[in-house]
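Here's the structure, in structure tokens; my notes come after.
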Amino acid sequence: MLAPPPLSLYVHVPWCVRKCPYCDFNSHEQRGEPPFEAYVDALLADLDSDLPLVWGRTVQSVFFGGGTPSLMPAASLERFLQGASSRLRFAPGCEITLEANPGTAEHGRFESYLAAGINRLSFGVQSFDDGCLQRLGRIHDSAEAERAVKLAQDAGFDNINLDLMYALPGQDLAMAATDLERAFALQPAHISHYQLTLEPNTVFAARPPAGIPGEDAGWDMQEHCQAMLADAGYRQYEVSAYARPGRECAHNLNYWTYGDYLGIGAGAHGKITMGHDQSVLRRWKLKHPARYMAAAGGEAVIGGDERVEPERRPFEFMLNALRLVGGFTLASFEARTGIAAADIEPQLQAAVDNGWLVRDAGRVVPTESGRRFTNDVVSLFLAD
Ligand SMILES: C[S@@+](CC[C@H](N)C(=O)[O-])C[C@H]1O[C@@H](n2cnc3c(N)ncnc32)[C@H](O)[C@@H]1O
Ligand code: SF4
């Protein structure tokens, strides 16, 4: 039986000051001040149309992602949050994260965010090396990043994530290590450490910059940085996520454990378990901000609706759960996919035989090699 899992709310804000050449997110360079107030109206109308999918359920986390949500005035965020919490029940202590670009920090801004209800900030720092930041086309330098984090801390934010990328053009192992040391000095609760990937349809994919470290150098950086993060008290709990004890990101954990989420905003994706007909629905919204805003509140805003057939659910579940260092329980597999664990026994055993997974009393945990060859492991669970 499919049992509705925890529910999160994702809100997409699709504008940035400038488009970074490596980024394939749905983000658009702003021309003048984006129409934030109209956007909040559209978000609330969009939420109204999705409400019937989640009647009676409680939201356990909210995430404003982008794009650059920190371009949004606190008053607009507050109006959205007030509107959302009058439509949906928010769990006590609900984690509410805002992605922030350090180049958008101004004095007083973080106090207002806190007052608006935001209780976690995720800064896109990327690197503390000014040369690397320039090559990445970032709008801020390292001093601005440090200043932004300190301003947020002074305003009272204690749950802060820093996004860093490694294997950057012109970066060597010592530089990647220095980036981490400068991050540690700021004492964030959480660090996301991503390897730069050349995403299709980006400027970097079309014209790769010189000096991108090769595969072996990338592995060396990852291994070295993993050890540094562990020594500094950041426990790895997912491929790219490291946290101080108890500071794991509830919102992302919900994705990785195949939880449910409403996706509101331009290009946002949602996934909802429907108890009444035992189905899983994926829904996404129109990507283009102006078209999204014009259509919000009506059926036309839906870019697509897709039922996830039962045969596909084990693959989707594994795609997420095998990113987690702690793996998953067979009980959660059954509750979230509606599939009996016995049905995936041959694939599980094949993965165990290959040394990719280990099993212990109902829990399945990826090994080091299982996490290295995630694609191979996950493909075992694809229906033919
Ligand atoms: C949706 S972005 C939003 C953050 C915010 N807009 C900013 O850049 O300051 C989330 C994070 O994904 C990471 N990211 C984006 N593109 C990436 C790429 N091509 N390879 C690896 N990580 C990437 C960056 O660390 C970025 O901070
Ligand atoms: S600021 Fe963030 S979302 Fe915007 S283009 Fe750069 S990486 Fe992408």
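Rule-based calculations on the coordinates, nothing more; no lab input. The model shown is predicted, which means the values in this text are computed figures rather than measured ones. All Cβ positions, glycine included, derive from the backbone under ideal geometry; neighbour counts span all protein chains shown.
Can you tell me how the stretch 170-210 classifies by the Cα gyration tensor, rounded, prolate or oblate, using a/c under 1.5 as the rounded cut? Since a/c reaches 1.5 but b/c is at least a/b, the shape of the stretch 170-210 is classed as oblate. From the Kirkwood radius over Cα pairs of the stretch 186-241, Stokes-Einstein at 37 °C and 0.692 mPa s returns a whole-number translational diffusion coefficient of 250 µm²/s. Taking one quarter of the surface of the convex hull spanned by the alpha-carbon atoms of the stretch 305-347 gives a direction-averaged projected area of 3.3 nm².
Summarising the amide proton neighbourhood of Glu95: residues at separation of 5 or more, or on other chains, whose placed amide H is nearer than 5 Å comprise Val62. What the phi angles of the stretch 107-120 give under the Karplus curve with 6.51, -1.76 and 1.60, with θ = phi - 60°, is a coupling list of 4, x, 5, 6, 4, 5, 4, 4, 5, 6, x, 5, 10, 8 Hz, glycine and proline written as x.
Dipole of the stretch 7-254 computed with +1 at Lys/Arg Cβ and -1 at Asp/Glu Cβ about the Cα centre; of His193, Val11, Tyr242, farthest Cα towards the positive end is Val11. According to the calculation over all Cα-Cα pairs in the stretch 311-379, the P(r) per 10 Å bin from zero is 22, 64, 14 %. Considering only beta bridges that DSSP places wholly inside the chain, some 40 percent are antiparallel. Within the stretch 128-195, the percentage of alpha carbon pairs spaced more than 15 angstrom apart rounds to 52%. For the chain, the Cβ-based charge dipole about the Cα centre amounts to some 660 debye (Lys, Arg positive; Asp, Glu negative; other atoms uncharged). Taking Cβ separations below 4.7 Å as the criterion for a possible disulfide partner, the isolated cysteines in the chain are Cys16, Cys94, Cys132, Cys225, Cys249. Give the residues of the stretch 54-71 whose amide nitrogen is closer than 18 Å to a point set 7 Å from the Cα of Ala91 in the direction of its Cβ. Residues 54-64 fall inside that zone. Here the stretch 7-254 yields Rg over Rh of 0.97, to two decimals, using C-alpha coordinates and the Kirkwood radius. Report note on the peptides 6-17, 213-224, 107-118: ranked by the mean count of other C-beta atoms within 10 Å, highest first, their order is 6-17, 107-118, 213-224. Once backbone amide H atoms are built at 1.01 Å from N, Leu357 has Val352, Thr367 as its partners under 5 Å, excluding neighbours fewer than 5 places away on the same chain.
Of all the options Asp163, Asp231, Asp46, the one that moves most in a Gaussian network model of the chain with Cα springs shorter than 10 angstrom is Asp231. In the stretch 257-384, inverting the average of 1/r over every pair of distinct C-alpha atoms gives 16.0 Å as the Kirkwood radius. Based on alpha carbons, the Rg and Dmax found for the stretch 229-318 are 16.9, 52 Å.
For the stretch 220-228, putting each phi into the Karplus relation 6.51 cos²θ - 1.76 cosθ + 1.60 with θ = phi - 60° gives couplings of 4, 4, 4, 4, 5, 5, 4, 5, 4 Hz, in residue order, rounded to whole numbers and with x for Gly and Pro. Considering only the Cα atoms of the stretch 62-120, their convex hull presents on average a projected area of 3.9 nm². Computed extension gain for Asp172 through His276, at 0.36 nm per residue and net of the alpha carbon distance, reaches 32.0 nm. What translational D, rounded to a whole number of µm²/s, comes out for the stretch 99-239 from Stokes-Einstein when the hydrodynamic radius is the Kirkwood one over Cα pairs, at 37 °C and 0.692 mPa s? Answer, rounded: 209 µm²/s. Ordered by the count of other Cβ atoms within 10 Å of each Cβ, fewest first, Trp284, Trp55, Trp356 give Trp55, Trp284, Trp356.
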